[in-house]
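**Q** Before I ask anything, let me first share the structure, which is written out below as structure tokens.
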Amino acid sequence: MSQTTMSIRVDSNLKQRFDVLCDEFGISNTSALTLFIKAVVRERRIPFEIRAVSIEDSRKQALLAFDILRAEAAESGVQGLSLDEINAIINEVRNGKE
């Protein structure tokens, strides 16, 4: 079977992360992309869901995440902390002084 070359442009950080994962999987990035292409041809579809999230859905998800964080803050007693107090706690954790 003859071979050909495909050239694609991708963000360098994304490629680096992809290369690391492929290495962890024990395959080259070329092998991984070949597996993807074979799956697309065999199944005649993209082998995972691609969908756009509406702005309203994004807003709902963000508000839900905010509500969860607010509840967790209230539960742990840190809801009323000032920005300086929050930064002080972060610095303590970073320096191992929990």
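Here, each number is a calculation from the coordinates, and none is a lab measurement. From a predicted model like this one, the values you see are computed outputs, not experimental measurements. Note: ideal-geometry Cβ built from the backbone for every residue, glycine included; neighbour counts use all protein chains shown.
**Q** State the Cα centre-to-centre distance between the stretch 44-70 and the stretch 72-96 in whole Å.
**A** For the stretch 44-70 versus the stretch 72-96, the Cα centre distance is 28 Å.
**Q** Rank SER54, THR34, VAL93 by how far each Cα sits towards the positive end of the charge dipole of the chain (+1 on Lys, Arg Cβ; -1 on Asp, Glu Cβ) and give me just the farthest.
**A** THR34
**Q** Given the -39500 (n - 2.57) contribution per DSSP H run of 4+ residues, what per-residue ellipticity at 222 nm results for the chain, rounded to the nearest 500 deg cm²/dmol? If you can, show how the numbers build up before the last one.
**A** On the way: 4 runs with 63 residues, N = 98.
One gets -21000 deg cm²/dmol as the mean residue ellipticity at 222 nm.
**Q** Loop by DSSP (not H, G, I, E, B), at most 14 other beta-carbon atoms within 10 Å: where is the longest site-free stretch of the chain for trypsin sites (Lys or Arg not before Pro)?
**A** Working: sites that count: ARG9, ARG44, ARG45, ARG51, LYS97.
Free of exposed loop sites, the longest segment is 52-96.
**Q** Find out how many positive minus negative residues lie around ILE37, taking Lys and Arg as positive, Asp and Glu as negative, among other residues whose Cβ is under 14 Å from that of ILE37. Intermediate results must be reported in sequence, preceding the final value.
**A** Details: positive: LYS38, ARG42, ARG44, ARG45; negative: GLU43.
In short, +3.
**Q** Given the options LEU14, LEU35, LEU63, state which has the largest fluctuation in a GNM of the chain using a 10 Å cut-off (strictly under) for Cα springs.
**A** Ranking LEU14, LEU35, LEU63 by mean-square fluctuation puts LEU14 first.
**Q** Candidates [x] 22.7, 67; [y] 34.5, 114; [z] 14.3, 44; which is the computed Rg and Dmax of the Cα atoms in Å?
**A** So the structure-derived entry is [x].
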